[in-house]
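Trainee: Here it is, the structure in full.
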Amino acid sequence: MITQTKEIQANLTPKNAFNILVEGNKRFVQNVKAQRNLKTQVIETSKGQFPFAAILSCIDSRVPAELVFDQGIGDIFSIRVAGNIVNEDVLGSMEYSCKVAGSKIVVVMGHTKCGAVTAACQKVELGNITPLLRKIKPAVDSIIGENKELMNTDIEEVAILNVRLSIERIKQESPILSEMEKNGEIEIVGALYCVETGEVDFFQE
């Protein structure tokens, strides 16, 4: 499998980029990897990088974006933070990925059995974890409220809504990315990874 080049990246559409991720996850689920020489990719990308996607995902050790989408070195920007939350630094990273480095798609990917989402649902407060979980609270409040007994299904619903709200924040707080999407230069999509099957379910808007 060839390394991403400036020419390949320039000729990709957001839809092409989306399909590459879909096909990559299919290979991952089937345990069939694309043939690639990682050492060669290290050498070739040392001259420059032209990733086609920026993926915001959780720090969870079971959700490595490059593996989940069967991608190699230089193919994607991987942005990872607990609970796949959005803040100024994440937005800046996405803006760099797309506006400066030319990526064609932004994916916000949550996952099942998320520890950060579970902690937010359980109203955990601990050090710097507290302000991080506060960013998940709008999803928690919407699904659970104050008095409802917490169910496992609620946690998964919060994870999904948290992704959707993160996408809303991206569009509201990044005029750069919002304009790029309106112009058809990029797509901004949500997804949920299942830690039990390895499958990525992209949201249909």
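The values are calculated or read from the model by the stated rules, or taken from the named source; none is laboratory data. Bear in mind the structure is a predicted one, so any value in this text is a computation, not a measurement. When we count neighbours, we look across all protein chains shown, and the Cβ atoms used for this are built from the backbone with ideal geometry, even at glycine.
Trainee: Just give me the residues in the stretch 72-89 being part of a helix (DSSP H, G or I) and either over 11 Å from the mean Cα position of the chain (by Cα) or surrounded by fewer than 18 Cβ atoms within 10 Å (Cβ to Cβ) (or both), in sequence order. Quick ask: steps written out before the conclusion?
Mentor: Just the residues of the stretch 72-89 that are part of a helix (DSSP H, G or I), to begin with: 82-84, 88-89.
Matches in the stretch 72-89: A82, E88, D89.
Trainee: Would you confirm, using the coordinates I've provided, whether D70 is within 30 Å of N31 (Cβ to Cβ), free of Cβ contacts under 8 Å to residues at least 60 places away in the same chain and of a type in the set (D, E, K, R)?
Mentor: Here the answer is yes, as D70 does meet what is asked.
Trainee: Across the stretch 105-141, what is the total count of residues that are among the hydrophobic types (A, V, I, L, M, F, W, C), assigned to a helix (DSSP H, G or I) and either under 13 Å from V163 (Cβ atoms) or in contact with a Ser or Thr (Cβ under 7 Å, 6 or more places away or on another chain) (or both)? Spell out how you get there, then give the answer.
Mentor: Pass one, the stretch 105-141, residues among the hydrophobic types (A, V, I, L, M, F, W, C): 105-109, 114, 116-117, 119-121, 124, 126, 129, 132-133, 136, 139-140.
Pick out the ones that are also assigned to a helix (DSSP H, G or I) and you get 116-117, 119-121, 129, 132-133, 139-140.
Of the ones still in play, those that are also either under 13 Å from V163 (Cβ atoms) or in contact with a Ser or Thr (Cβ under 7 Å, 6 or more places away or on another chain) (or both) are 116-117, 139.
Qualifying residue count, the stretch 105-141: 3.
Trainee: Okay, moving on. Name the pairs whose Cβ atoms lie under 6 Å apart, with the first residue in the stretch 182-202 and over 15 Å from D70 (Cβ atoms), the second in a loop (DSSP other than H, G, I, E, B) and of a type in the set (K, R), and 6 or more positions between them or separate chains?
Mentor: Short answer, once both residue conditions are applied: I186/K104; V195/R62; V195/K113.
Trainee: Same structure again: Might you check whether a residue that is closer than 20 Å to F202 by Cα, in contact (Cβ under 8 Å) with a residue 60 or more places away in the chain and not polar (S, T, N, Q) occurs anywhere in the stretch 45-53?
Mentor: Checked the stretch 45-53: no residue is closer than 20 Å to F202 by Cα, in contact (Cβ under 8 Å) with a residue 60 or more places away in the chain and not polar (S, T, N, Q).
Trainee: Residues to consider are S166, S142; find the one that is under 30 Å from P14 (Cβ atoms) and modelled with pLDDT under 95.
Mentor: Result of the check over S166, S142: S142.
Trainee: Right, next: Scanning for something more than 25 Å from L165 (Cα to Cα), in contact with a Ser or Thr (Cβ under 9 Å, 6 or more places away or on another chain), touching a residue at least 60 places away in the same chain (Cβ under 8 Å) and surrounded by 13 or more Cβ atoms within 10 Å (Cβ to Cβ), does the stretch 6-25 turn up at least one residue?
Mentor: Looking for residues that are more than 25 Å from L165 (Cα to Cα), in contact with a Ser or Thr (Cβ under 9 Å, 6 or more places away or on another chain), touching a residue at least 60 places away in the same chain (Cβ under 8 Å) and surrounded by 13 or more Cβ atoms within 10 Å (Cβ to Cβ), one finds at least one in the stretch 6-25, hence yes.
Trainee: If you don't mind, another one. Find the residue count for the stretch 142-155, including only residues that are under 27 Å from I170 (Cβ atoms) and either aromatic (F, W, Y) or surrounded by 13 or more Cβ atoms within 10 Å (Cβ to Cβ) (or both). Full working, then the answer.
Mentor: In the first step, residues of the stretch 142-155 are kept if they are under 27 Å from I170 (Cβ atoms); the result is 142-145, 153-155.
Retained after the next criterion (residues that are either aromatic (F, W, Y) or surrounded by 13 or more Cβ atoms within 10 Å (Cβ to Cβ) (or both)): 142-144, 154-155.
Final tally of qualifying residues: 5.
Trainee: Scan the stretch 28-49 for residues that are hydrophobic (A, V, I, L, M, F, W, C), more than 26 Å from R62 (Cα to Cα) and surrounded by 15 or more Cβ atoms within 10 Å (Cβ to Cβ) and jot them down.
Mentor: Those that are hydrophobic (A, V, I, L, M, F, W, C), more than 26 Å from R62 (Cα to Cα) and surrounded by 15 or more Cβ atoms within 10 Å (Cβ to Cβ): none in the stretch 28-49.
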